[in-house]
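Read through the structure below, which is laid out as C-alpha cells, and then see the notes.
The values are calculated or read from the model by the stated rules, or taken from the named source; none is laboratory data. Since we're looking at a predicted model, the values are computed, not measured. All Cβ positions, even for glycine, are placed from backbone atoms using ideal geometry, and neighbour counts span all protein chains on display.
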Amino acid sequence: MADIPAFDPDATRVPDTAEPAPAVPEMEPVEALPAEPGVLADAAEPVETLPGEPGVPGDTPVAAPRPARPAPAVLGYLAAALVGALLLAGSLFATGGIGRPAPSPSPAPNAADGPSLGSQSAPVTIGFWADYQCPFCRLEALVFGGSLERAFVLPGVARIVYHDFAFLGQESIDAAVAARCAGNQDPGAYWRYHDLLFASQQGENQGAFARANLVALANIASLDVTTFSACLADPAQAKAVADETAQGKALGVVSTPTLRIVGPGGTRVLTGFSDSWATIRDAVDAVLAPQPSASPGPAGGSAAPASSAAPTATPAATP
C-alpha cells in the first residue's frame, strides 16, 4: 500500500503574492422621497380606523383618512368673504344690477310726485306705496323691482315713483325721513339708502331704524353724515312723510305694498305682494293703450257707451 503523505497546513494557505480583492465603493446616502398626498406612508401619526362588519369573522379594521379641519383663521377669512359678497350684492342691487345700465333717477327725488326712476315722459306711471318696515314691501321690491326696471323703465314705457306710506310706527317715519335726507344730498343716494333700509329690516319697531343705525347706513351710502344728521332732526321732513301718507289714504291706499299703475288706458291697483309677474305685466299692458272708442251702432240707433275696466287687486298684505 502506498504511503499517504502527511497533511501540510501551509499547503492550503493563499500565497502572499496573491492580488488583493477589489474594494467595494461606498454608496452615497439617498434622501427619502416624501410620501404622496393621501398615502399613509408611515404609522408615525395615528389614524382613525373603521371597525369590521359585525358578525363576519376575520375582518380587519380599515384605515380611514382623517377629515381635514379648517383652522380658526380660515374660518375667519371665510366669514369676511361672505360679508363682502353680501355687501357687493347689495351694492349691485342698489346701482342697477350686473350687465345692464341703471335707470336714471329723477333730478328732484323729493319733488311733488316723489322720487322716481325713469323718464318723465313715459306713458305709464307705477306708484309704489310702501312702508320701510313692511316685509311684503321688501319682498315686492326684491322679487319684481329688477324686472320692472328692465321690462318697462329702461325701454321708456313706465316710470316708477316711490311713495311713503308710513303707518307701522315711529321707526317707519324715521326710516322714511332718513331716505328723504339721503335724496336731498344726491338723487342716486336716495335709491342706495332705500335698498339699505329694506335690507336692514328686523321686525317692527325693534330698533333696526334707531338713529344710530340710520347714521351708520348713511356712512355706507357715502353721505355727508353731518348734513344727514341735521336733516334727520328737521321737523319739516317728518311732516312731509305724514302728508304723503295722508295723500295715500285719500287715494284709497289701506295696506302695503300697493301699486297704482296709471296710463292712457286707465288705472289698475294691485294691493299686497303680487302673486306673479304676469299680474304686474298684464296690469301695465292694460293701461298702456287707450281704451278703444265706441263703435257706431246700427242705423238710427245710438252708439254703445265705452266700457271702463274696473281696477284689479291682489289679496291685501298685513295692514
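Going residue by residue through the stretch 147-163, is there one that turns out to be crowded, with 22+ Cβ neighbours inside 10 Å, in a helix (DSSP H, G or I) and either aromatic (Phe, Trp, Tyr) or at pLDDT below 95 (or both)? So far as the stretch 147-163 goes, yes, one or more of its residues are crowded, with 22+ Cβ neighbours inside 10 Å, in a helix (DSSP H, G or I) and either aromatic (Phe, Trp, Tyr) or at pLDDT below 95 (or both). Screening residue 216 with (1) within 29 Å of residue 146 (Cβ to Cβ); (2) surrounded by 12 or more Cβ atoms within 10 Å (Cβ to Cβ); (3) in contact with a helix residue (DSSP H, G or I) (Cβ under 9 Å, 6 or more places away or on another chain); (4) not acidic (Asp, Glu) gives one miss only, at (3).
Residues checked against (1) surrounded by 15 or more Cβ atoms within 10 Å (Cβ to Cβ); (2) β-branched (Val, Ile, Thr); (3) touching a Leu at 6+ places or on another chain (Cβ under 9 Å):
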residue: 221; (1), (2), (3): yes, no, yes
residue: 224; (1), (2), (3): no, no, no
residue: 236; (1), (2), (3): no, no, no
residue: 239; (1), (2), (3): no, no, no
residue: 247; (1), (2), (3): yes, no, no
residue: 254; (1), (2), (3): no, yes, no
residue: 261; (1), (2), (3): yes, yes, yes
residue: 265; (1), (2), (3): yes, no, yes
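When the stretch 216-233 is filtered for residues that are under 22 Å from the mean Cα position of the chain (by Cα) and part of a helix (DSSP H, G or I), the ones remaining, listed by number, are 216, 217, 218, 219, 220. Restricting the first member to the stretch 213-225 and to residues that are free of Cβ contacts under 8 Å to residues at least 40 places away in the same chain, and the second to residues that are assigned to a helix (DSSP H, G or I) and of a type in the set (Phe, Trp, Tyr), the beta-carbon pairs closer than 6 Å and six or more apart or on different chains are 221/193.
For the stretch 183-202, check the following and say yes or no: at least one residue is farther than 20 Å from residue 140 by Cα, more than 20 Å from the chain's Cα centre (by Cα), among the small types (Gly, Ala, Ser) and assigned to a helix (DSSP H, G or I). Scanning the stretch 183-202 turns up at least one residue that is farther than 20 Å from residue 140 by Cα, more than 20 Å from the chain's Cα centre (by Cα), among the small types (Gly, Ala, Ser) and assigned to a helix (DSSP H, G or I).
Kindly evaluate residue 210 against the criterion of being surrounded by 15 or more Cβ atoms within 10 Å (Cβ to Cβ) and either in contact (Cβ under 8 Å) with a residue 12 or more places away in the chain or of a type in the set (Val, Ile, Thr) (or both). Judged against the criteria, residue 210 is not a match.
Just one of the listed residues (236, 208) is at pLDDT 95 or above, in a helix (DSSP H, G or I) and at negative phi, and it is 236.
Restricting to the stretch 112-146, give me the number of residues that are in a loop (DSSP other than H, G, I, E, B) and polar (S, T, N, Q). Before the answer, list the steps.
If we filter the stretch 112-146 for residues that are in a loop (DSSP other than H, G, I, E, B), which is where we start, we get 112-115, 118-123, 131-134.
Subset that is polar (S, T, N, Q): 119-121, 133.
So the answer is 4.
Within the stretch 173-190, is even one residue out of contact with any helix residue (DSSP H, G or I) (no Cβ under 6 Å at 6 or more places or on another chain), touching a residue at least 40 places away in the same chain (Cβ under 8 Å), within 26 Å of residue 267 (Cβ to Cβ) and crowded, with 16+ Cβ neighbours inside 10 Å? So far as the stretch 173-190 goes, no, none of its residues is out of contact with any helix residue (DSSP H, G or I) (no Cβ under 6 Å at 6 or more places or on another chain), touching a residue at least 40 places away in the same chain (Cβ under 8 Å), within 26 Å of residue 267 (Cβ to Cβ) and crowded, with 16+ Cβ neighbours inside 10 Å. Evaluating residue 130 against the criteria (1) farther than 18 Å from residue 262 by Cα; (2) out of contact with any Gly (no Cβ under 9 Å at 6 or more places or on another chain) leaves one unmet condition, (1). Would you check if residue 228 is in contact with an Asp or Glu (Cβ under 6 Å, 6 or more places away or on another chain) and crowded, with 21+ Cβ neighbours inside 10 Å? No; evaluated as a whole, the condition is false for this residue.
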